[in-house]
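Quick notes on the structure that follows.
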Amino acid sequence: MRYDIVIIGGAIVGSSIAYYLREEGFSGSIALIERDPQFAHAATTLSMASIRQQFSIPENIRLSQFTLKLFRRLKEEFGADADIGFREGGYLILAGENGLPILKANHEAQIAEGADIVFEDAEQLTRRFAWLSAEGISAGAYGRTGEGWFDAHAMLMLFRKALRDKKIDFITASVTAIARDGNRITGVSLDNGQTLEAGIVVNAAGPNAGKVAAFAGLALPVEPRKRNVFVFEAREKYADMPLLVDPSGIYVRPEGSVYLTGGAEPEEGDGPADPADFEVDWPLFEEVIWPVLATRIPAFEAIKPTRAWAGHYDYNTLDQNAVIGPHPQVGNFLFANGFSGHGLQQAPAVGKALAELIVHGGYRTVDCSAFGYSRVAEGRAFRELNVI
Ligand SMILES: Cc1cc2nc3c(=O)[nH]c(=O)nc-3n(C[C@H](O)[C@H](O)[C@H](O)COP(=O)(O)OP(=O)(O)OC[C@H]3O[C@@H](n4cnc5c(N)ncnc54)[C@H](O)[C@@H]3O)c2cc1C
């Protein structure tokens with residue numbers, strides 16, 4: 001069996017790459033290999049499903065803006081039934097005195113990219129949001145439009161459904177080895193005993209991407225990092241509440257009639273997760289999250305957690321940014337990895353970018369050269385400062 005392109009990982013990044021390959025006119029054979037077809041453990045379906053413009057790096061803002069444009073014309077792209085429940089509720093990123101210079105610098109980068117973000121001091125913020133306590137806050141940046149949340153599963157299914165009539169071979173299996181002849185990948189082995197020859201292999205394996213790269217003898221500093229998300233109920237409903245990020249890193253946003261919160265994992269001791277560990281670290285809610293929420297939103301003094309889940313970030317330990325494009329020596333091995341908590345919103349743009357690279361030999365819509373692997377080889381960080 002031979003495929004022109006083998007994509008390892010069929011969640012949002014892999015599906016988006018396959019989708020845009022066909023959109024860009026690629027007519028060769030494509031295999032999309034996924035070991036967990038229910039996506040029970042994929043970062044995609046365990047994510048917070050939010051999109052923002054508030055990044056520090058212009059390239060990251062541009063990737064999100066591509067996806068935002070897609071969200072706004074979803075029905076034109078995917079048909080009249082397409083709906084991912086996109087709610088443009090905004091992000092509100094708060095800073096105390098220490099975080100002020102970075103918040104300001106980030107805001108300038110965002111404005112330069114045309115993002116609709118306002119920078120307001122504590123008094124303006126408490127006037128805008130009556131439920132907010134500005135204790136310890138110097139300022140905040142608020143996305144009036146272009147930021148919000150959506151249904152990640154619905155987004156994934158939209159792409160997967162759109163692939164059905166595009167002559168893509170969906171293979172349910174785990175890739176267990178990658179064969180290489182010098183500087184060329186020649187194929188992949190599957191846990192069902194099959195081997196596939198491959199013209200190009202794309203790594204879209206999410207938190208498992210470091211391992212998949214290692215199958216090809218390539219180093220990629222991407223590892224799973226466990227992140228807990230808690231659902232809670234509160235008596236008060238605030239229709240105007242954005243996704244709020246406290247200076248402590250704790251975030252909270254509404255989700256229908258309940259709220260989602262997280263961001264409590266301590267920096268100290270944050271390391272690679274056991275790939276099989278999806279157990280919720282419940283003490284984080286009581287000990288870390290709740291006191292912060294009760295200070296920031298006094299009405300949240302009385303809240304009730306109802307359920308929770310844990311997922312894995314596809315964490316790039318070098319600079320918390322994506323690695324996109326071919327390996328400089330092994331040119332038929334392509335990376336789409338290391339999104340470190342912002343990959344869902346970047347997936348459509350990255351799919352389009354990689355498809356352009358493969359089909360046309362260069363980026364046309366969003367230039368992703370800065371995300372290239374060379375920086376990894378050189379140990380040169382291209383750091384995103386706004387990692388949530
Ligand atoms: C708690 C949490 C909150 C998040 N919040 C957001 C957010 O609000 N906004 C945002 O943009 N991003 C967010 N993210 C990050 C985002 O979810 C990821 O960056 C994105 O989903 C990565 O997509 P992916 O397709 O690369 O990875 P995944 O969704 O993990 O998919 C990778 C797939 O590859 C498969 N696979 C792996 N290895 C193999 C193999 N050897 N053989 C076959 N298949 C394989 C896996 O089964 C998996 O389905 C969050 C992540 C988490 C965990």
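Here, each number is a calculation from the coordinates, and none is a lab measurement. Source: prediction; values computed, not measured. We place every Cβ from the backbone using ideal geometry, glycine too, and count neighbours over all the protein chains shown.
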So what does log10 I(q)/I(0) come out to for the stretch 213-365 at q = 0.13 Å⁻¹, using the Debye formula with one equal point on every Cα and no solvent?
-0.73
Which value, in Å³ per residue, describes the convex hull spanned by the Cα atoms of the stretch 283-362?
155 Å³
Put +1 on the Cβ of each Lys and Arg and -1 on the Cβ of each Asp and Glu in the stretch 1-43; which of 32, 43, 15 then has its Cα farthest toward the positive end of the dipole?
32
For the stretch 255-298, just say rounded, prolate or oblate: build the C-alpha gyration tensor, square-root its eigenvalues into a ≥ b ≥ c, call rounded for a/c under 1.5, and beyond that prolate if a/b exceeds b/c, oblate if not.
oblate
What is the log10 of I(q)/I(0) for the stretch 153-249, computed with the Debye formula using one identical point scatterer on each Cα and no solvent, at q = 0.10, 0.23 Å⁻¹?
-0.51, -1.31
Specify the residue with the greatest mean-square fluctuation among 306, 45, 186, computed from a Gaussian network of the chain linking alpha-carbon atoms under 10 Å apart.
306
Using +1 on the beta carbon of Lys and Arg, -1 on that of Asp and Glu, and nothing else charged, what's the dipole of the stretch 16-173 about the Cα centre, debye to 20?
460 debye
Please provide three numbers in whole Å: the alpha-carbon extents of the stretch 320-388 along the principal axes, with the largest listed first.
34, 27, 16
Suppose every Lys and Arg Cβ carries +1 and every Asp and Glu Cβ carries -1, with no other charges. What dipole size does the chain come out with about its Cα centre, to the nearest 20 debye?
1040 debye
Using the count of nearby Cβ atoms within 10 Å as a rough guide to exposure, how do 153, 312 rank from fewest to most?
153, 312
So what's the angle, to the nearest 10 degrees on a 0 to 90 scale, between helix 12-23 and the longest Cα principal axis of the chain?
60 degrees
So for the stretch 118-254, averaging the separation of alpha carbon pairs under 8 Å that are six or more residues apart and normalising by length, what relative contact order in percent results?
13 percent
Loop sites in the stretch 227-309: GluC sites (Glu not before Pro), DSSP, at most 16 other Cβ within 10 Å
236, 267, 268, 279
For the stretch 54-165, evaluate the Debye formula with one uniform point scatterer on each Cα (no solvent term) and list log10 I(q)/I(0) at q = 0.24 Å⁻¹, rounded to two decimals.
-1.26
Order of 20, 91 from fewest to most other C-beta atoms within 10 Å?
20, 91
Is the stretch 122-190 rounded, prolate or oblate when judged by the Cα gyration tensor, a ≥ b ≥ c being the square roots of its eigenvalues, rounded requiring a/c under 1.5 and prolate requiring a/b larger than b/c?
prolate
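For a footprinting-style exposure proxy, rank 235, 144, 253, 22 by other Cβ within 10 Å, fewest first.
Fewest to most other Cβ atoms nearby, the residues stand as 235, 144, 22, 253.
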For the stretch 198-259, state what percent of all Cα-Cα pairs lands in each successive 10 Å bin, counting from 0 Å until the bin that includes the largest distance.
17, 29, 18, 21, 12, 2
Kindly express, to the nearest 10 degrees and within the range 0 to 90, the angle between helix 343-360's C-alpha long axis and the longest C-alpha principal axis of the chain.
30 degrees
Going by alpha carbons, how many degrees (0 to 90, nearest 10) lie between the helix axis of 100-112 and the longest principal axis of the chain?
60 degrees
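Tell me, what is the percent relative contact order of the chain, built from C-alpha pairs under 8 Å that lie six or more residues apart?
Answer for the chain is 24 percent.
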Quick one: in the chain, what % of C-alpha pairs are over 31 Å apart?
35 percent
Sum up the lysine pairs in the chain that clear both bars: alpha-carbon distance under 17 Å and a spacing of 8 or more or different chains.
5
